[in-house]
Amino acid sequence: MPLTNAQAQLLSEEALLAGLVENDPKRIQLARRLPFYAVGGDRLAVPRVTSGNLGTAVWDTGGTAISDTSAVPSDPDVTFPLKLLVTSFKVNATAEYDMSNVNDQVEVQMVAAVKRLYYKFWETFNTGDNSANPQEFDGLRRLVASGQTVTARDGAGGVPALRELDQLVGKITTNGGRPHVLYTSRKGAEAIRRAHYRASVTPETIEMRIEDADGSTRVMPVLAWDGIPVLVDDQVPSDETSNNYTSIYALVLGREGIYGVIPEGFQGRMIRANRALVDGKGQDCWVAYWPVGVALESQGGVARLQQVG
């Protein structure tokens, strides 16, 4: 007689997927676009100069007196410090050496630790406040100057008018007045579409090369405004006022705009880990760490459309 299903199960190996499968991964589309630059020391100092201190030039028809017009940098320089982002985990010897036949215990925990650091960085990228927590760097909400901010619906909040997206882009003065991306939450992207529908205009899309889950890349249509791609980040909060509004940011990425900073020597691998024995126990403790910060060269490189819903 044939084996029962339960008996046949004894002769079959159960398949187990490698790694921990994250059940609610976060979309952070800007992660592939934000550049990181290495800096010496523990901070990057940016010598900004205002238009009033840039100096003047004159037309000379012959004999015009030329006064001293040296450009004078702002005092003090604006500084962007490196901060240390850390996490840790422990693995006991039995798990590491006897129970790693399918999933290496240290490797699985290391991947999870890196994700924790990754998500925390992008959360801080948006809402970091060094004055409230000196351990973290300032995020976008703190970096955007008041003069670089537009409030949706003429200050009332809600679905923005299309002209307010133009006003947002018009706040960017570096990179020839052209932001590289519009950066927002899913709610912000939906609001951009609704703004088009209310105006009976078809939302614009552009083609971008996107990495697929199988590791391949393909060209996909992406929401855009005036040729500028809209990138979605689940870490952009929707907690502005009691109406749970969000923000749309216009960003210049890299020089003249916003970028990440890391220590010299960390370009090849920004996140690193150290291993130590736990005294008196058959355990290893791993500490994963990431010295990192965010710098904004010119305030004209970022702008914010706030209270979008």
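Summed over the stretch 49-81, the residues that are modelled with pLDDT of 90 or more and either more than 35 Å from the chain's Cα centre (by Cα) or among the polar types (S, T, N, Q) (or both) give a count of 1. Against the conditions (1) touching a residue at least 12 places away in the same chain (Cβ under 8 Å); (2) over 30 Å from Glu123 (Cβ atoms), Ala65 satisfies every one except (1). Val236: within 23 Å of Ser74 (Cβ to Cβ) and either touching a residue at least 40 places away in the same chain (Cβ under 8 Å) or over 18 Å from the mean Cα position of the chain (by Cα) (or both), yes or no? No.
For (1) aliphatic (A, V, I, L, M); (2) under 23 Å from the mean Cα position of the chain (by Cα), each residue gets a yes or a no:
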position: Val181; (1), (2): yes, yes
position: Arg186; (1), (2): no, yes
position: Ala189; (1), (2): yes, yes
position: Tyr197; (1), (2): no, no
position: Val201; (1), (2): yes, no
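Of all the residues in the stretch 32-74, those that are of a type in the set (S, T, N, Q), assigned to a loop (DSSP other than H, G, I, E, B) and under 30 Å from Tyr183 (Cα atoms) number 2. Within the option set Ser67, Ser74, being loosely packed, with under 10 Cβ neighbours inside 10 Å and more than 30 Å from Val114 (Cα to Cα) holds for one residue only, Ser67.
Kindly indicate whether any position in the stretch 256-276 is in contact with a Cys (Cβ under 7 Å, 6 or more places away or on another chain), at pLDDT below 95, surrounded by fewer than 16 Cβ atoms within 10 Å (Cβ to Cβ) and not acidic (Asp, Glu). Yes: the stretch 256-276 contains one or more residues that are in contact with a Cys (Cβ under 7 Å, 6 or more places away or on another chain), at pLDDT below 95, surrounded by fewer than 16 Cβ atoms within 10 Å (Cβ to Cβ) and not acidic (Asp, Glu).
Annotation note: Cβ proximity below 6 Å between a residue of the stretch 21-48 that is modelled with pLDDT under 95 and β-branched (Val, Ile, Thr) and a residue that is in a loop (DSSP other than H, G, I, E, B) and surrounded by 14 or more Cβ atoms within 10 Å (Cβ to Cβ) (sequence gap 6+ or interchain) occurs for Val46/Glu297.
The values are calculated or read from the model by the stated rules, or taken from the named source; none is laboratory data. None of the values given here were measured: they were computed from a predicted structure. Neighbour counts run over all protein chains shown; Cβ positions are idealised from the backbone, glycine included.
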